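Contents: one structure, followed by commentary.
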Amino acid sequence: MKPVNTPARPLILHGAVIAVLFALNFLLPDYHHGVLARVMVLAVFAMGYNLLFGYTGLLSLGHAMFFAAGLYGAALPMVHLEWSALSSFGTGIAAGALLALAVSLLALRTTGVAFMIVTMMFAQVAYLLTLYFGEWTRGDEGLVIPQPQRHIALPGLDLDLTSPTTRYMTALVLFSAVLLATLAIVRSGFGRVLVAIRENEERTRLLGFDVFANKLAAVTLSGAICAAAGATYAILFGYAGATFASIQYSILPLLWVLLGGAATTLGPLIGVLLMYYLVDASGPLLEQYLPGWKLSSLGIVGVSLVLLVLFFPKGILGTVRERWVKWLP
Amino acid sequence: MAAVTPLLTTTGLKKVFGGLTAVDAVDFAVMPGEIRAVIGPNGAGKTTFVSLICGRLPPSSGEIRFDGRDITGLPAHRRVRLGIAYTFQITSVFANLSVYDNVALAVQRTAADRRWTGSLRDGVMSALSRTGLAGRAQERAGALAYGHQRLLEVAMGLALRPRLLILDEPTQGLSDGEIESFTDLVREIAQDATVLLIEHNMPVVMALAHRITVLDAGKVLAEGSPEEIRANAAVQAAYLGATAA
């Protein structure tokens, strides 16, 4: 009989990815080193989104609110109450998880297009709230977290998060933890139920599973992961602005996941990485070759989304898995 | 006889869709260990009736009791945990998952309910062996031949370790040879579960059922042993369209 599970290969692959990211810390030039730190944090955001969209099959258009909940959940206490980075990281995650639980209790009464619209509306409310409470959030202008606060004090160890290497390594630690957690979840019984819900909700219910409760857990977990990314972003890069709560940041994770491959554990990283450099490189090119057109990089994002859905629905790793590497988780 | 209490009873069970009464005040009882067939012409309300039992549809009125307990208001997933398993009329396996994962879902459910204490793998492989699918564990369920998909449905039902297994037209679309081995399988299942069988294929019904309930236009038209049903004039009329004398 063939072995039913081959846990070794995926573990080696994920370990290798983490090792390469670790090595890149010493190899990359400054600019790309900074980009990659940012990409890893955003990849955590994408992994949180992927858990819900890729594995559970729930398409949310409001995940900016969970990222922003983490962002402000960390930045507000740091700026106004002078809390430490570590405890603010905790409040950020808690804010995202609670918001996700509350929103999903209402939004999960809908499915399909209605779910997309309801999540989008909640995210718009969250965005408007960040502007409404401008006295504390400073709205579009945003909050800047003072440099002296951006460090982690551990017994016998003081990590200065404004130093590029510490920042990179902190991002890598978060990324690795979430990547391995995602891998564990999708290979667990819970992960199997989420996929079953995506494939056939009615059948899953008649196998004895409480579909609503499992979806609720998936949204809350997804929200908590996205909030962890938001909180880390605020702490590492010292800034929290309303832009991160806007619709753009609800569309981006969908795009990253579609590009990298929905329901693949490593797809989110690849999606964020490619999209980051695509937008980064297209700005100057657009200005150089189409100077009068005033095209923004958002246009690139939109065009990529349309092209992906039309011609490449499984994304990069989804296609790789389908054609070549069947065991890819 | 009177000492044995029925495993499942319905009292005045009714389901109305708009102006159509699909199931009309059905009183019904199945004894533990029984193989009960539910037959009837197309549109008689058979699938609606079992959908009410397994909880896919809420009844308009009436009561359902399972093992003495009122389950009328219980959601479908809770009924499964009590031991009511339903295999779909239209094959609805998880096409994109492996055969193994399809059955593993059922096993992990019973394990979570402490109704299965072995390993996940043993539970899956035992259900697959009983249905003859052990060699196909790694195949994608959607790539299986139709007959094998029907068997996989049954394997998932078996892995739920049901006390009442509802098979909704299980032999539909199977070849004669497949039907024969299927009949043997149902007999084997019935050794430790009660089986409620909806079936159009009369030779299968006659070979398997201890008792037969005939539904027509949502009502119980007749109930009895296979011989009694075969001889029943009203049943013949319902099936053949003749006017009962």
Counting DSSP beta bridges with both ends in the protein assembly as shown, the antiparallel % (nearest 5): 60 percent
Three-way shape label, the range A:8-323, alpha-carbon gyration tensor, a/c 1.5: rounded
Choice from A:GLN147, A:GLN248, A:GLN288 showing the highest fluctuation, given a GNM over chain A with Cα pairs closer than 10 Å: A:GLN288
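Can you compute the charge dipole magnitude of chain A about its Cα centre, using +1 on each Lys and Arg Cβ and -1 on each Asp and Glu Cβ, nothing else charged? Give it in debye, rounded to the nearest 20.
Values: 18 positive and 14 negative charges, 240 e Å.
Approximately 1160 debye in magnitude.
Order these by the 10 Å Cβ neighbour count, fewest first: A:MET275, A:MET65, A:MET40. Provide the component values of the computation, followed by the final result.
Details: A:MET275 22, A:MET65 31, A:MET40 26.
Fewest-to-most Cβ neighbours within 10 Å comes out as A:MET275, A:MET40, A:MET65.
Out of the range A:241-329, which chymotrypsin sites (Phe, Trp or Tyr not before Pro) are coil in DSSP terms and have no more than 14 other C-beta atoms within 10 Å? Don't jump to the answer; show the numbers that get you there.
Values: sites: A:PHE244, A:TYR249, A:TRP256, A:TYR276, A:TYR277, A:TYR289, A:TRP293, A:PHE311, A:TRP324, A:TRP327; in loops: A:TRP324, A:TRP327.
Counting only loop positions with at most 14 other Cβ atoms within 10 Å, the chymotrypsin sites (Phe, Trp or Tyr not before Pro) in the range A:241-329 are A:TRP324, A:TRP327.
Show that you can apply the helix-only estimate: for chain A, add -39,500 (n - 2.57) for every DSSP H stretch of four or more residues, divide by all residues, and state [θ] at 222 nm to the nearest 500. Please list the in-between numbers first.
Working: 14 runs with 232 residues, N = 329.
About -23500 deg cm²/dmol.
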Residue-count net charge about B:PHE66 - beta-carbon cut-off 9 Å; Lys, Arg +1, Asp, Glu -1: +2
Residue of A:ILE300, A:ILE12, A:ILE270 that the Gaussian network model of chain A assigns the largest fluctuation, springs spanning Cα pairs under 10 Å: A:ILE12
Phi to ³J(HN,Hα) by Karplus 6.51 cos²θ - 1.76 cosθ + 1.60 over the range B:75-81, Hz, x for Gly, Pro: x, 3, 5, 6, 5, 4, 5
Neighbour-count ranking [beta-carbon atoms within 10 angstrom, fewest first] of A:VAL309, B:VAL26: A:VAL309, B:VAL26
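For B:LYS15, what charge total do you get from the other residues with a beta carbon under 15 Å from its beta carbon, if Lys and Arg give +1 and Asp and Glu give -1?
Net charge around B:LYS15: +1.
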The range A:11-166: C-alpha gyration tensor shape, a/c 1.5 cut-off, then a/b vs b/c: oblate
Charged-residue dipole, Cβ positions (Lys, Arg, Asp, Glu), chain B about Cα centre, Debye nearest 20: 820 debye
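Rounded, prolate or oblate: which fits the range A:86-132, taking a ≥ b ≥ c as square roots of the Cα gyration tensor eigenvalues, rounded meaning a/c under 1.5, else prolate when a/b beats b/c? Can you show the working numbers first?
Working: a/c = 3.49, a/b = 1.61, b/c = 2.18.
Because a/c hits 1.5 or more and a/b fails to exceed b/c, the range A:86-132 counts as oblate.
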Sorted by Cβ neighbour density within 10 Å, fewest at the top, the residues A:CYS226, B:CYS54: B:CYS54, A:CYS226
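If Lys and Arg each add +1 and Asp and Glu each add -1, what is the summed charge of the other residues whose beta carbon sits under 13 Å from the beta carbon of B:ARG114?
Numbers: positive: B:ARG81, B:ARG109, B:ARG115, B:ARG161; negative: B:ASP113.
Within the 13 Å Cβ shell, the charges total +3.
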Loop-located GluC sites (Glu not before Pro) in the range B:126-221, at most 15 other Cβ atoms within 10 Å (DSSP): B:GLU139
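Counting only GluC sites (Glu not before Pro) that are in a DSSP loop and have at most 14 other C-beta atoms within 10 Å, tell me the longest site-free stretch of chain A.
Working: sites that count: A:GLU82, A:GLU141.
My reading of the result: A:142-329 is the longest stretch.
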Leading residue at positive end of dipole, the protein assembly as shown (Cβ point charges), from A:ALA19, A:SER282, A:ALA227: A:ALA19
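Could you work out the helix-only [θ] at 222 nm for chain B, with each DSSP H run of four or more residues adding -39,500 (n - 2.57) and the total divided by the number of residues, to the nearest 500 deg cm²/dmol? Mind dumping the intermediate values first?
Values: 9 runs with 90 residues, N = 245.
Calculated at 222 nm, the ellipticity per residue is -11000 deg cm²/dmol.
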Cβ charges +1 (Lys, Arg) and -1 (Asp, Glu), total dipole of the protein assembly as shown, debye: 420 debye
For residues of A:189-202, the mean tally of beta carbons on other chains within 10 Å: 4
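Quick note: the coordinates plus some simple rules give every number you see, no bench work behind them. Because the structure is a prediction, the values reported are computed rather than measured. All Cβ positions, even for glycine, are placed from backbone atoms using ideal geometry, and neighbour counts span all protein chains on display.
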